[in-house]
Amino acid sequence: MSQKPAAVWSKNAIQGAAGAAAACGAHFLTYPLYNLTIRMQARQASTRSELIKKVLSEEGIAGFFNGALSSIVATTLQSAFYYYFFAAFKSFHNLSGKHSPTGSLITAAEAGVMAVLCINPLFDINTAQVLSPKEKRLGFVAALQHILKTEGVAGLYKGLIPSLFLVSTPMAQFYFYELLIRVVSGIQGSTHEVAQELMSPLANFALGASSKALATVVTFPIQTVRTLSARGVDGDGRKDDGAKARRSYTAKLLSLWSQVVAIMRNEGPMGLYRGFETKVVQSSLSAAVLFVIRLQLLSSLKPRQADE
């Protein structure tokens, strides 16, 4: 029997709210690592230990939390949009109750694109905040005004193209997570739903961390280019005067490719993985905490949904 539109919307909204609450807690706990990753990708130091010493000496402990509020808000809203659209597209494609890795990939891609289009400006503002020098520290409003003044509205979407490519991150994460769940259900000799319900929070934590770590390995080079694009520098480290934000779509793609080539030429393939160690720890912990909190929230809401 098909569900009423109101019931479907309510179910999707619950998925979005649970994802947002989980993302907020997970990102807050791991933000200092996220902050360090952006700085490493932007070439503020050659090594992680050098960067930590530099931040402590120039900015103090507070430097690790610079831009935290905007980043947490952006991540929370992105997860809300992502999980809402993921549930909505799953219902639209009639995939509810079905567990196909291919179906999960397609649905995750669609949800990811919608989330990126809605939230990308917040991440560009956050990058500007994190990378602003201490003597010219930018708050959220100041960073927004600076971008609008120097680059116009287009500046808020400067990192859009790499961000759209980064849709592959949650796609890969959900693919690996679904794959691991299928392995667990195969070992237990149970169905996908039963295997997921029987798993302890610790098991969900391990699966969430493992799937995110695998996804990060695959997509981290794109994240590096996205940070450089949002910052406004090319692969040789030259500052952009803001003209890039106003160039054509083709020119932006060529610029994106030139950044990859420049990094490869100057630093080799591993240059695209600058800050990877910090990021994989941050992403894995954040994803694991997110999965555990989200599943616990959804589990606690099940009786209420049933009563409705």
Task: Per-residue HN-Hα couplings for region 71-78 [Karplus 6.51, -1.76, 1.60; θ = phi - 60°; Hz; x = Gly/Pro] - done: 5, 5, 4, 4, 5, 5, 5, 4
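Determine, for each peptide in 69-77, 102-110, the mean count of other beta carbons within 10 angstrom over its residues, then list the peptides with the highest first. Before the final figure, lay out each step's value.
Working: 69-77: 20.2, 102-110: 18.0.
My ranking of the peptides, most packed first, is 69-77, 102-110.
Most exposed first by the Cβ proxy, i.e. fewest other Cβ within 10 Å, how do H146, H27, H93 rank?
Details: H146 17, H27 23, H93 13.
Fewest-to-most ranking of H146, H27, H93: H93, H146, H27.
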Open item on the list: Beyond a 23 Å Cα-Cα separation, which of these cross-linked pairs lie in this structure: K53/K134; K90/K279; K53/K279?
Closed with: K90/K279
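Read-outs throughout are calculated quantities, based only on the coordinates presented, and are distinct from any laboratory measurement. The model shown is predicted, which means the values in this text are computed figures rather than measured ones. Glycine gets a Cβ as well: all are built from the backbone with ideal geometry, and neighbour counts include every protein chain shown.
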